[in-house]
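First comes the structure, then the notes that go with it.
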Amino acid sequence: MRNTWKIYMLALISFVVSTSEFVIAGILDRVAASANISVSVAGQLITAFSIANAIGSPIVIMGTAKMDRRKLLMLSLAVIVLGSVLTFTLPGFGFLMVSRVILAVGSGVFVTNAKTFAAKLASPGHQAGAIATVITGFSAALIIGLPIGRVVAAAYDWKVIFLGIGILSLIAIFIVARTIPSTDGEEAVPLGKQLALLKNPKIVIAIFVTFFWQVGYAVLYSYIAPFLIGVTQMSEREVSIALFSFGIAALIGFKFGGLMTERIGVHRSLLSSMSVNMIALVLLSTIARSTFVTIPLLMLWAFSTWSAGPAVQYNMVLLAPEASGIMLGLYGSIIQFSVAAGAGIGGIVAGSSSMLAISWIGAASVAIAVFIQWGPFSLIRHNKFRKNDELKYYSASGEERH
């Protein structure tokens, strides 16, 4: 098998394992009904996944830094198989929570190493494209996996989705064993070196911008299916259409965000994207009462949220270009912690107030991000992309739960 096809294979497997993360938001109401819990409590499954991904995955990756990369890919897939089997077979919310943690660590380790491996398989000068290909598989889990998951859950029991993920992951273990070459590990970056970057106040401020922007996304995204059903009274078919439209708009928004950052710079790109994002969330809270109005607003929200991704990520890299890998890893951890916080806050609001209030909370969080970026703490104004493959990679490699 040529290396190009091996890279596409890693992207396809990344799609399968990443679906285990994204699909839960689209079937949260069904998971809650099955476990006999409220939707707000079920939302903590997303919180648990994100925290485990943000903390557990880096620990495992650092602890296995010298391990053969092929064996690590296979091990992470075995962990995903275990998590999927537990999800499918064991009853009760407690076991479901444990399985989400297992799936989070397995998928986080696999996707991270798949990107690294893709870069090694690529020919010189094409490493960035190889990494972007793997990330396309990750993003496709949101665009395709989320609505398909809703359709499968409507036709069968929602646990069938995880049975399928487990079977496909098991098959992937044998495929990786036969096609991926053995590769030595690398020295892990010391934790002290990573934490030293936090002494830079500009990086800390960039972290806050990223955090509040992403919380504004996660607080509604985590409960998107209950929101659509409860607020707009959508049917199952309409919810599936809405989720698919959301994914398409997110993909277009991400591509557009890269172009916009190149044309007008990080600062103005972030302000415009996040401002539209905030407006879309307010409109979802005020006028989204019918399918005809809600789906276009949902697409506007997805488009504006994802269009900020390239600028946010590029902003992080610009602040420490000598440690770009560490900064991108830090970005990923911030995203996961933001999703955990957003899901937790959304659960509290949904349980104590209403689904409609979730969108208002999201708008408020994005408004904080806009203030930090726009105000006296503004970091980078009118920056332009340098036209070389390395920086084009940063534009193409967003991993939002988006």
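In this structure, the pairs whose alpha-carbon distance is over 25 Å, taken from LYS71/LYS115; LYS66/LYS199; LYS199/LYS255, are LYS66/LYS199; LYS199/LYS255.
Taking the fewest neighbouring Cβ atoms within 10 Å as the starting point, the ordered list for LEU163, LEU281, LEU298 is LEU163, LEU298, LEU281. May I ask which residue of GLY145, HIS267, GLY26 lies farthest towards the positive end of the charge dipole of the chain, with charges of +1 (Lys, Arg) and -1 (Asp, Glu) on Cβ and the Cα centre as origin? Working it through, the farthest residue towards the positive pole turns out to be HIS267. Put in line by how crowded their Cβ is, counting other Cβ atoms within 10 Å and starting with the fewest, ARG2, ARG100 read ARG2, ARG100. Compactness of the stretch 1-188 is given as radius of gyration and Dmax, 16.4, 54 Å, from Cα positions.
A simple charge model with +1 on the Cβ of Lys and Arg, -1 on the Cβ of Asp and Glu and nothing else charged puts the dipole of the stretch 1-188 at about 360 debye relative to its Cα centre. When shorter helices are ignored and each DSSP H run of at least 4 residues is given -39500 (n - 2.57), the per-residue value for the chain at 222 nm works out to -27000 deg cm²/dmol. Between ASP68 and GLY185, the built amide H atoms are under 5 Å apart, and every one of these is 5 or more places off in sequence or on another chain. Converting the Cα gyration tensor eigenvalues of the stretch 1-103 into ellipsoid dimensions via √(5λ) gives semi-axes, longest first, of 28, 16, 12 Å.
At most 15 other Cβ atoms within 10 Å plus a DSSP loop assignment makes a site exposed; report the longest stretch of the chain without any exposed chymotrypsin sites (Phe, Trp or Tyr not before Pro). The segment 157-376 is the longest one with no such site. Can you give the longest stretch of the chain with no exposed loop site, where a site means GluC sites (Glu not before Pro) in a DSSP loop (not H, G, I, E or B) with at most 16 other C-beta atoms within 10 Å? In the chain, the maximal stretch lacking such sites is 188-402. The list [x] 17.9; [y] 22.6; [z] 19.3 gives values of mean projected area of the Cα convex hull in nm², and only one came from this structure; which label was calculated from it? Matching entry in [x] 17.9; [y] 22.6; [z] 19.3: [x]. In plain terms, if you count all Cα to Cα distances in the stretch 189-254 and split them into 10 Å steps from zero, the share in each step is 17, 30, 23, 18, 11, 1 percent.
Relative to the 2.2 N^0.38 Å rule of thumb, the stretch 90-139 has a C-alpha radius of gyration ratio of 1.58. Taking a ≥ b ≥ c as the square roots of the eigenvalues of the Cα gyration tensor, the stretch 9-58 is classed as oblate, since a/c reaches at least 1.5 and a/b does not exceed b/c.
Taking every full run of DSSP H in the chain, the ones that stretch at least 24 Å from end to end by Cα along their long axis and average 1.6 or higher on the Kyte-Doolittle scale are 159-179, 355-374.
In the stretch 48-103, the ratio of gyration radius to Kirkwood radius, Rg to Rh, stands at 1.03 when only Cα atoms are counted. Taking the fewest neighbouring Cβ atoms within 10 Å as the starting point, the ordered list for THR232, THR261 is THR232, THR261. Dividing the mean sequence gap of close Cα pairs (under 8 Å, 6+ apart) by how many residues the chain holds gives a relative contact order of 26 percent.
None of the figures in this text is laboratory data; all of them are computed from the coordinates on show. All figures in this text were calculated on a predicted structure; none of them were measured in a lab. Every residue, glycine as well, gets a Cβ built from its backbone with ideal geometry; the counts of neighbours run over all protein chains shown.
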